[in-house]
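Heads up, the thing below is written out as structure tokens.
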Amino acid sequence: MYRIYIALCLIVILTTSTGCDPKAPPDASIGAKFRVVTTIGMITDIVKNVGGNRVEVIGLMGPGVDPHLYKPSAGDVQKLNSASLIFYNGLHLESKMGDVLAKMSGDIKTVAVTDAVDRSLLLTPPEYEGQYDPHLWFNVTLWMKAVVKVRDALSEFDPDSTVKYWSNAERYLAKLTELHQYVKSQVKRVPPQQRVLVTAHDAFNYFGKGYGFEVHGLQGISTATEAGIADVQKLATFIAERRIPAIFVESSVSSKSLEAVKAAVKSKGFDVEIGGELFSDAMGNAGTPEGTYIGMVRHNIDTIVKALVKESGLQTPSTGEN
């Protein structure tokens with residue numbers, strides 16, 4: 001097949017002035033698509049919504065996959081090599097893929113969606129060695145900037161479909177604006193003194209800053225940093241002293257560490273509940289609401305609010321906003 005392909009290219013080169021470029025956008029008038037490869041599911045979701053039927057999207061990291069620890073396989077490298085465009089998060093989220101993406105950038109256009117965000121808006125936790133916190137998607141308004149980045153990159157690569165990309169992006173951004181308002185309305189159900197979120201790793205700081213939560217993670221920004229006994233005891237002491245009613249496990253991080261925290265809290269004379277599972281670095285299964293970015297965010301805020309209100313004995317009514 002490869003020899004046939006090369007022969008066809010040579011024929012086209014000899015008979016036309018345009019040559020044969022497998023990376024150029026195919027003819028949209030005949031319904032042809034071009035391939036886009038993405039890393040995390042949240043980016044995959046953006047590209048599907050903005051690219052529509054113009055793109056074939058291949059996401060490398062599925063449900064439950066931790067991007068901090070993900071190592072690309074030989075098959076992944078083949079998928080990347082076959083792409084016309086590659087979208088990734090950046091800010092060292094896909095740390096194990098850094099070298100591969102760097103090599104790709106010479107031949108294939110690679111786009112870090114977080115490049116769209118002004119660095120003054122990024123968080124720089126002192127324990128993360130001067131690097132930026134990469135988990136922007138937990139603040140919906142910041143993630144909307146990633147949508148614009150994808151829209152502009154697709155339009156630059158495939159200018160004939162610019163109107164389509166802008167129209168699709170406008171519809172998706174409108175839905176994200178509604179999502180942002182929904183999160184804000186749900187947060188109001190929890191009294192300010194109860195807005196404390198304890199999770200397996202420190203991924204929710206943009207959520208905390210954007211929506212008024214105090215956030216504590218057992219592990220650091222990257223799950224590559226393992227929590228020790230001292231970390232467990234320190235967090236357990238905080239929970240017992242503050243009487244935090246619920247803590248949350250994550251779909252892409254082992255629950256064992258949080259179970260250890262729960263046991264340590266009990267030994268200090270206080271019972272804390274596992275309030276539910278949150279989606280942090282990966283979305284849910286395809287075909288489920290949580291398998292989309294919007295569904296994931298709604299699941300997270302609903303789970304957080306339900307646990308904190310229930311476990312604290314509060315019965316604050318819903319605001320009725322959406």
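What the pair-distance distribution of the stretch 89-163 shows, using all Cα-Cα distances binned every 10 Å from zero, is 17, 42, 33, 7, 1 percent. For G276, the amide hydrogen comes within under 5 Å of the amide hydrogens of V249, counting only partners 5 or more places away or on other chains and with H modelled in the peptide plane.
With both labels modelled 7 Å from their Cα along Cα-to-Cβ, the K268 to E129 distance reads 2.9 nm.
Residues whose amide H falls under 5 Å from that of H201, counting only those 5 or more places apart or on a different chain, are L218, Q219, with hydrogens built in the peptide plane. Residue by residue, the stretch 283-297 carries 3J(HN,Hα) couplings of 8, x, 5, 4, x, 10, x, 6, x, 10, 4, 4, x, 4, 5 Hz when phi is fed to the Karplus relation 6.51 cos²θ - 1.76 cosθ + 1.60 (θ = phi - 60°); x denotes Gly or Pro. Taking 0.36 nm per residue of sequence separation and removing the Cα-Cα distance, the K306/E241 pair yields an extension gain of 21.2 nm. Seen from R195, the other residues with C-beta closer than 13 Å to its C-beta sum to a net charge of +4, counting Lys and Arg as +1 and Asp and Glu as -1. Label-to-label distance, V77 versus D99, with points set 7 angstrom from Cα along the beta-carbon direction: 1.0 nm. The accessible surface of the chain, taken with every protein chain in place and a 1.4 Å probe, is 53 percent carbon and sulfur. Gain on full extension, evaluated as 0.36 nm per residue between K209 and K33 minus their Cα-Cα distance, stands at 59.4 nm. Each listed q (0.11 Å⁻¹) maps to a log10 I(q)/I(0) for the stretch 109-249 from the Debye sum over equal C-alpha point scatterers, namely -0.53. Computed from the C-beta positions of K109 and A230 and an R0 of 56 Å, the FRET efficiency is 0.80 to the nearest 0.05. Ranked by the mean number of other Cβ atoms within 10 Å of their residues, highest first, the peptides 115-123, 195-203 fall in the order 195-203, 115-123. Over all other residues within a Cβ to Cβ distance under 10 Å of D281, the charged ones net out to -2, with Lys and Arg as +1 and Asp and Glu as -1.
Taking the Cα atoms only, what angle lies between the long axis of helix 229-242 and the longest principal axis of the chain, rounded to 10 degrees? With both axes taken from Cα atoms, the answer is about 60 degrees.
Relative to the globular-protein estimate of 2.2 N^0.38 Å, the Cα radius of gyration of the stretch 35-162 stands at 1.02. Please give me the summed charge of the neighbours of P67: other residues whose Cβ is under 12 Å from its Cβ, Lys and Arg +1, Asp and Glu -1. Overall, the nearby charge balance is -1. Think of a 1.4 Å ball rolled over the protein heavy atoms: the chain then has 48 Å² of accessible area per residue.
Can you work out D for the chain in µm² s⁻¹ from Stokes-Einstein, where Rh is the Kirkwood radius over C-alpha pairs, the temperature is 4 °C and the viscosity is 1.567 mPa s? The calculation lands on 61 µm²/s. Computed from phi, the 3J(HN,Hα) profile of the stretch 147-161 under the Karplus parametrisation 6.51, -1.76, 1.60 (θ = phi - 60°) reads 4, 4, 4, 5, 4, 5, 5, 5, 5, 5, 6, 10, x, 5, 10 Hz, with x in place of Gly and Pro.
The values are calculated or read from the model by the stated rules, or taken from the named source; none is laboratory data. None of these values were measured; they are calculated from a predicted model. We place every Cβ from the backbone using ideal geometry, glycine too, and count neighbours over all the protein chains shown. All accessible areas refer to the heavy atoms of the entire protein, side chains included, with ligands and DNA or RNA removed. Shrake-Rupley method; radii C 1.70, N 1.55, O 1.52, S 1.80 Å.
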